[in-house]
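The values are calculated or read from the model by the stated rules, or taken from the named source; none is laboratory data. Only a predicted model underlies this, so the values are computations on that prediction, with no experimental measurement involved. Cβ: placed from backbone, ideal geometry, glycine included. Neighbour counts: every protein chain shown.
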Amino acid sequence: MPNYTTHNPLAWIEESLSELNKKGLQRKLSVRGGGQAGQIELDGKSLVNFGSNDYLGMASDQRLSDAVVESLAGWGSGASPLISGHAAAHQELENRLAQFEGTEAALLFTSGFAANTATIAALVGPGDVVFTDRKNHASLFDGCRLSRADVRAYPHCDHQKLDRLIGRAADYRRRLIVTDSIFSMDGDTAPLVELADVARRHDAMLMVDEAHATGVFGSSGRGLCEQLGVEDGVHIRVGTLSKALGSVGGFVVGSHSLVDWLVNRARPYIYSTASPAAVAAAGIAALDIIRDEPHRREKLLHRAAHLRDTLTALGWNTGNSTTQIVPIIVGDAERTVTLSANLRQAGFFIPAIRPPTVPDGEACLRISLSFAHNDEQIASLIEMLERLQ
């Protein structure tokens, strides 16, 4: 018999991991105990939690847990939505999302990542072109690649460059512009008014991922498109249940024909087992809270503005953030990791964000604020960062 123990085709992994470690780029998992809100337990240590996307403090809201328990009649969905996995609770949540977003229809996905990759690949393909902001989320870039359409990345938030690029793409069958509304690492916002104008003038589709804006921005909490008054100029809107809504899953909202097309052509939707129906119950409860408690997003954004202003006055570089995501741009990856470790030792969880998540030279501490934080926790963080400056 062959001696398989003498041959290891995976030996390169150890060498590559060693190189990552030398550059301060190797990531390791922590173990979270219990739930999370303003505090989190990681590897047995209680920390003030500035690393979560739980923007409205709903991930540990008892009302979501109660909704799940009350809805339980088994757990697994058993099949994809098109086979037998589409439950009454899924349909109710889709109806509620469409009503909330002011659109004709909505479609649930198992994650926001799946929603983005599925939607882009269903809308464009060979013979088409898609334009993507250079700082879009990885799921948007992966969707562009999976589509097999030609991909053109334009400089971050540069709508004028996009206008020139798309003006030279008249020969393509379809043209699609994709962007985040709030960029997840920088905390800045896309020029949605200008992008909607570019899309209109060039007869292009415009898709906006509102993952970090849903529940936080807009008079109703629909997101940045609502706040800027461009919803009618955005043809495809994507959101997630896993951030401000405190649950799990993604969704797409738009016209009936868009949703019907995705049901027939979005491969991650067609070939994935549906999420448990109880997850939809949590989403419905979260939508009720967003409707009934607007003070959550108002308080969150007020605290974010205070933190940004204070850190800037202390000399920290918070970039162009105007949202609840407040980066401290350090630049050097190793120094960023050291600062994160020092903060963790002092009782604060603020993740170090390094390449390839951000470009080389843009490593940062990503502070993510939540309604669950209190003024004392934020004041303590400011005091610690002043010491580390």
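Annotations
- Members of segment 313-357 found to be over 25 Å from GLN39 (Cβ atoms), surrounded by fewer than 17 Cβ atoms within 10 Å (Cβ to Cβ) and of a type in the set (A, V, I, L, M), listed by number: ALA313
- Of the residues examined, LEU47 is one that is surrounded by 10 or more Cβ atoms within 10 Å (Cβ to Cβ) and in contact with a Phe, Trp or Tyr (Cβ under 6 Å, 6 or more places away or on another chain).
Yes/no per residue for (1) within 24 Å of CYS157 (Cβ to Cβ); (2) in a loop (DSSP other than H, G, I, E, B); (3) of a type in the set (Asp, Glu):
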| position | (1), (2), (3) |
| --- | --- |
| ALA305 | yes, no, no |
| GLY319 | yes, yes, no |
| THR322 | yes, yes, no |
| ALA341 | no, no, no |
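- Listed by position, the strands (runs of 3 or more DSSP E) inside segment 13-100 whose residues that are acidic (Asp, Glu) number at least 2 form an empty set.
- The residues listed here are LEU206, LEU165, LEU176, LEU140; of these, the one that is in the same structural domain as THR117 (by TED's automatic domain parsing), in a helix (DSSP H, G or I) and under 21 Å from the mean Cα position of the chain (by Cα) is LEU140.
- The residues listed here are GLU101, GLU19; of these, the one that is among the acidic types (Asp, Glu) and loosely packed, with under 13 Cβ neighbours inside 10 Å is GLU19.
- Residue in segment 76-89 that is within 30 Å of ARG296 (Cα to Cα), in contact (Cβ under 8 Å) with a residue 24 or more places away in the chain and over 17 Å from the mean Cα position of the chain (by Cα) present: yes
- Some residue of segment 260-269 being β-branched (Val, Ile, Thr) and either closer than 30 Å to GLY125 by Cβ or in contact with a Phe, Trp or Tyr (Cβ under 8 Å, 6 or more places away or on another chain) (or both): yes
- Those residues of segment 141-165 which are under 26 Å from GLY229 (Cβ atoms) and buried (at least 23 other Cβ atoms within 10 Å of the Cβ), in sequence order: LEU162
- Only listed residue being touching a strand residue (DSSP E or B) at 6+ places or on another chain (Cβ under 8 Å), farther than 20 Å from LEU162 by Cβ, of a type outside the set (Lys, Arg) and crowded, with 24+ Cβ neighbours inside 10 Å, chosen from PHE131, PHE113, PHE109: PHE109
- Conditions (1) out of contact with any Asp or Glu (no Cβ under 7 Å at 6 or more places or on another chain); (2) buried (at least 22 other Cβ atoms within 10 Å of the Cβ); (3) more than 23 Å from ARG174 (Cα to Cα); number of the one not met by ILE83: (2)
- Exactly one residue among GLY218, GLY250, GLY233 is buried (at least 24 other Cβ atoms within 10 Å of the Cβ) and at pLDDT 95 or above, and that residue is GLY250.
- Elements of type helices (runs of 4 or more DSSP H) in segment 216-297, at least 2 residues being closer than 17 Å to ALA114 by Cα and among the hydrophobic types (A, V, I, L, M, F, W, C): 256-265, 277-292
- Applying a threshold of 7 Å to beta carbon distances and a minimum spacing of six or more residues, or different chains, the list of pairs starting in segment 172-188 at a residue that is closer than 14 Å to ILE367 by Cβ and ending at one that is part of a loop (DSSP other than H, G, I, E, B) and among the charged types (D, E, K, R) reads ASP186/LYS135.
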